[in-house]
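Report on the structure given below.
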Amino acid sequence: MNNKNKDIQEIINHLKATGFVFQGSEIYGGLANTWDYGPLGSLLSRNVKNMWWKEFITKDPSNYALDTKILMNPKVWEASGHVANFSDPLIENKKNNKRYRADHIVEELFPEIDVNKFTKKELSDFIKENVKKYDNSDTDWSEIKEFHLMFETFQGVVIDKKEKIYLRPETAQGIFVNFKNVLRSTRSKLPFGVGQIGKSFRNEVTPGNFIFRTREFEQMELEIFSKPEESMEIYKKYLEKVWQFILKLGIKEKSIRFREHKEEELAHYSKATSDIEFLFPFGWGELLGVAHRGDFDLSAHSNFSGENLEYLDPITNTKYLPHVIEPSIGLDRLILALIVDSFEKETIENNETRIVLKLNKNISPYKVAILPLVKKLSENAYKIFEHLLEHDISATFDDSGTIGKRYRRQDSIGTYYSVTYDYDSLEDGKVTVRNRDTMEQERIEIKNLVNYLRK
Ligand code: ATP
């Protein structure tokens, strides 16, 4: 089914029921727009992070790992421009006391208009003139206010304005401020990349669409430092690399598209930026971005910190600031995309319907389920289960309910294989392996099971 025709509420209910995602602080009535990953969501998220890590760090000898802190010296955010500029245009409808992103209203109602061309005043005038009814309400629009997106907190025991610090709104700055440390300690030559996975925080005006936009989220970011003249080639290489990564995770090609930012949309320092968008049930939305950041960040940190962050080219013996290419992926959006893309309802035999998550078998919470045909066979089947766990195969065990019901349960959480241990297994040393997608079954020797599941 086309993602656009999928019912997001049905998907959310399914994720809550099966243990992928729970409402945050649920027993206290929740906290708006916070979601926790349950047992299955945690496994899925871990597997996706591992795939990213393997693809962009482990398998690429020119990329290094890093793990920097959420709390940083507030000067970092002055240098990066976040203190001065990291805000969204907020507009309030005084008729219903609701707040909106002014740019989003225009994008939604007038898709042919390019909002980036408007000044704040023009945006406000345009909305006042053209939007008389919105969100089922008459309108009386306020002026636009710039709403700052960084979370503030205070360090130390005394609440003192001087100790105000921020929760990082992106992981990238931790990489930039460590550029010199990585360069020195790895004795690396350009080009090289530095990547990390971690939490970021933005006090979004309008969070929502489930885990698409939340105030706390996780990013997988990579900064590739290179000679200025090589940077455009690296930008193009990474556009292709992230595209292939998304396909490798199992997302269908028809569900994604590139969107290149237009000249007027680009940050002043950026030579080029492209997003990969995904078709969510609520429409196309940004999944990730690849940005050419020039030398903006290193230059800003050089100026603010007084540290010279230039690179001494060992061949030409000249000094310059490297240029930076940044592929930045939001983990939670990617998880939502993977679930939406793989969620299917199918009519099978006896006019029964099954929900099946057709997740790539390498990221499914479980690759295989061990299912004894009847409880009496549980002990033997459990030994196979333990054997798989010892061999690092992600497996689950289920011996409650009819075998048909258990297959449905595994289908609905994306388990790729179901292995049934039956009375014949006692005699012939074989088990039945059922494939989630084709529902075809095969008899496999127990002693070959590990190899079979790994292939
Ligand atoms: P948007 O326009 O949707 O606010 P952005 O362009 O500000 O996103 P970037 O600053 O480029 O986002 O961040 C890189 C990635 O981090 C995004 O592509 C997205 O996957 C993820 N991301 C950003 N903000 C959020 C959020 N509030 N919730 C979840 N993921 C987010």
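The values are calculated or read from the model by the stated rules, or taken from the named source; none is laboratory data. This structure is a prediction, so every number in the text was calculated from the model and none was measured. Heads up, the Cβs are rebuilt from the backbone with ideal geometry, glycines too, and the neighbour counts pull from every protein chain shown. Accessible surface areas use protein heavy atoms only, side chains included; no ligands, DNA or RNA. Shrake-Rupley method; radii C 1.70, N 1.55, O 1.52, S 1.80 Å.
Select, from ILE251, ILE165, ILE224, the only residue that is closer than 16 Å to GLY289 by Cβ and β-branched (Val, Ile, Thr).
Matching residue, one of ILE251, ILE165, ILE224: ILE224.
Identify, please: which residue in the stretch 17-36 is of a type outside the set (Asp, Glu) and touching a strand residue (DSSP E or B) at 6+ places or on another chain (Cβ under 6 Å) and is, among those, farthest from PHE280 (Cα to Cα)?
Here the answer is GLY30.
Being more than 9 Å from the ligand (Cβ to nearest atom), crowded, with 21+ Cβ neighbours inside 10 Å and either part of a helix (DSSP H, G or I) or not polar (S, T, N, Q) (or both) is true for just one of ILE211, ILE234, ILE246. Which residue is that?
Among ILE211, ILE234, ILE246, only ILE246 is more than 9 Å from the ligand (Cβ to nearest atom), crowded, with 21+ Cβ neighbours inside 10 Å and either part of a helix (DSSP H, G or I) or not polar (S, T, N, Q) (or both).
Within 16 Å of the ligand (Cβ to nearest atom) and either of a type in the set (Asp, Glu) or in a loop (DSSP other than H, G, I, E, B) (or both): is that true of ASN203 in this structure?
Criteria met by ASN203.
Kindly list the number of the only condition in (1) part of a helix (DSSP H, G or I); (2) closer than 30 Å to ASN303 by Cβ that fails for GLY195.
The number of the failed condition is (1).
Name the single residue that is nearest to LEU31 (Cα to Cα) among those in the stretch 180-200 being open to solvent by less than 40 Å² (accessible area, probe 1.4 Å) and within 16 Å of the ligand (Cβ to nearest atom).
SER200
Is it true that some residue in the stretch 321-333 is away from the ligand (no atom under 15 Å from the Cβ), open to solvent by 10 Å² or more (accessible area, probe 1.4 Å) and modelled with pLDDT of 95 or more?
Within the stretch 321-333, one or more residues are away from the ligand (no atom under 15 Å from the Cβ), open to solvent by 10 Å² or more (accessible area, probe 1.4 Å) and modelled with pLDDT of 95 or more.
Looking at ALA272, ALA291, ALA267, which is the one that is without any contact (Cβ under 8 Å) to a residue 60 or more places away in the chain, surrounded by fewer than 16 Cβ atoms within 10 Å (Cβ to Cβ) and of a type outside the set (S, T, N, Q)?
Selected residue: ALA267, the only one of ALA272, ALA291, ALA267 that is without any contact (Cβ under 8 Å) to a residue 60 or more places away in the chain, surrounded by fewer than 16 Cβ atoms within 10 Å (Cβ to Cβ) and of a type outside the set (S, T, N, Q).
Does LYS49 satisfy the criteria of being modelled with pLDDT of 95 or more and open to solvent by 80 Å² or more (accessible area, probe 1.4 Å)?
So LYS49 fails the test.
Of all residues in the stretch 434-455, which are in contact with a Leu (Cβ under 8 Å, 6 or more places away or on another chain) and crowded, with 18+ Cβ neighbours inside 10 Å?
LEU449, LEU453
Which one is nearest to ILE384 (Cα to Cα) among residues in the stretch 425-455 that are part of a loop (DSSP other than H, G, I, E, B) and more than 31 Å from the chain's Cα centre (by Cα)?
Going through the qualifying residues, I end up with GLY429.
Looking at ILE251, ILE276, ILE224, which is the one that is more than 13 Å from the ligand (Cβ to nearest atom), assigned to a strand (DSSP E or B) and among the β-branched types (Val, Ile, Thr)?
Of ILE251, ILE276, ILE224, the one residue that is more than 13 Å from the ligand (Cβ to nearest atom), assigned to a strand (DSSP E or B) and among the β-branched types (Val, Ile, Thr) is ILE224.
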